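S.K.: Following this message is one structure expressed as structure tokens.
The values are calculated or read from the model by the stated rules, or taken from the named source; none is laboratory data. What you see is a predicted model, and the numbers here were worked out from it, not measured in a lab. Cβ placement follows ideal geometry from the backbone for every residue including glycine, while neighbour counts extend to all protein chains displayed.
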Amino acid sequence: MTRILVADDHQLLRQALRRALQESGFDVVAEAGDGEEAVRLVTLLRPEVVVMDVTMPVLDGIEATRRIHAATGETKVLVLTMHDEDSLRVKALRAGAVGFLTKDCAMQEVVETVRQVAAGDTVFSPEIAASMMAEFPLIPDGTTNGHEVDEVVSPLTKREHEILQLVADGHSTAEIARALFISAKTVKNHLASIYAKLDSRDRTQAVLSGMRLGIVQLQ
């Protein structure tokens, strides 16, 4: 059973999230009312997934995510916030979050996203990639911020390229497996190879590396 920690300074929301997650078969091992408490509890309990609010007292959710990612490297953080801003998405992903939802989404969407995250998927959208790539724009004349870009040969196999492009299009592991008529385990093996070749820790970094190399595109 997947172990979950819920971090939010609003008690009613924490209770609603706990109830929805427990009814869906998750084990909610703890709740935290601020970011510092969330970091302490994650270090102590080592849950698989944290549902993390951004705006919290003592320590905000972005810094808490950064500390959790540095301390464990295994606990996955899904950010849940009232603020739908590109800059906040970028900060969350850079801190190590693997997903980003706004609080106006349905509770069932939170549950399904937690399920995806627990299964090893990064909840990735083209909009997030576009926001992050805006900081490293590729100029049409073949330069990046005034510097020449050397022609790059893709280090990926044809199948790995297909999978990375599907990730960039926002597909989950299960969806990629169905689309390519292979098993989810095979997809995960390919993703591990892609991460190693592109020196990336997760889907977001791999897609960004692929975009910088010009081997994947946003649709």
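S.K.: Taking ARG201 as the residue in question, decide whether it is surrounded by fewer than 19 Cβ atoms within 10 Å (Cβ to Cβ), modelled with pLDDT of 85 or more and out of contact with any Gly (no Cβ under 6 Å at 6 or more places or on another chain).
M.R.: Details: surrounded by fewer than 19 Cβ atoms within 10 Å (Cβ to Cβ): yes; modelled with pLDDT of 85 or more: no; out of contact with any Gly (no Cβ under 6 Å at 6 or more places or on another chain): yes.
Considered against the rule, which asks whether it is surrounded by fewer than 19 Cβ atoms within 10 Å (Cβ to Cβ), modelled with pLDDT of 85 or more and out of contact with any Gly (no Cβ under 6 Å at 6 or more places or on another chain), ARG201 comes out as no.
S.K.: Given the structure, is THR102 without any contact (Cβ under 8 Å) to a residue 24 or more places away in the chain and in contact with an Asp or Glu (Cβ under 8 Å, 6 or more places away or on another chain)?
M.R.: Here the answer is yes, as THR102 does meet what is asked.
S.K.: Can you tell me how many residues in region 156-175 are outside any helix (DSSP H, G or I) and either within 16 Å of the chain's Cα centre (by Cα) or crowded, with 16+ Cβ neighbours inside 10 Å (or both)?
M.R.: The qualifying residues number 5.
S.K.: Something else about it: The conditions are (1) surrounded by fewer than 18 Cβ atoms within 10 Å (Cβ to Cβ); (2) assigned to a loop (DSSP other than H, G, I, E, B), and LEU44 fails exactly one of them. Which is it?
M.R.: So the condition that LEU44 fails would be (2).
S.K.: Is there any pair linking a residue in region 144-161 that is modelled with pLDDT of 50 or more to one that is not in a loop (DSSP other than H, G, I, E, B), with Cβ under 6 Å and at least six apart or on different chains, and which?
M.R.: Within 6 Å, the pairs are VAL152/LEU213; PRO155/LYS197; GLU160/HIS190; GLU160/ILE194.
S.K.: Moving to a separate point now. Could you say whether any residue in region 75-93 is modelled with pLDDT under 90, in a loop (DSSP other than H, G, I, E, B) and of a type outside the set (Asp, Glu)?
M.R.: For region 75-93, residues modelled with pLDDT under 90, in a loop (DSSP other than H, G, I, E, B) and of a type outside the set (Asp, Glu): present.
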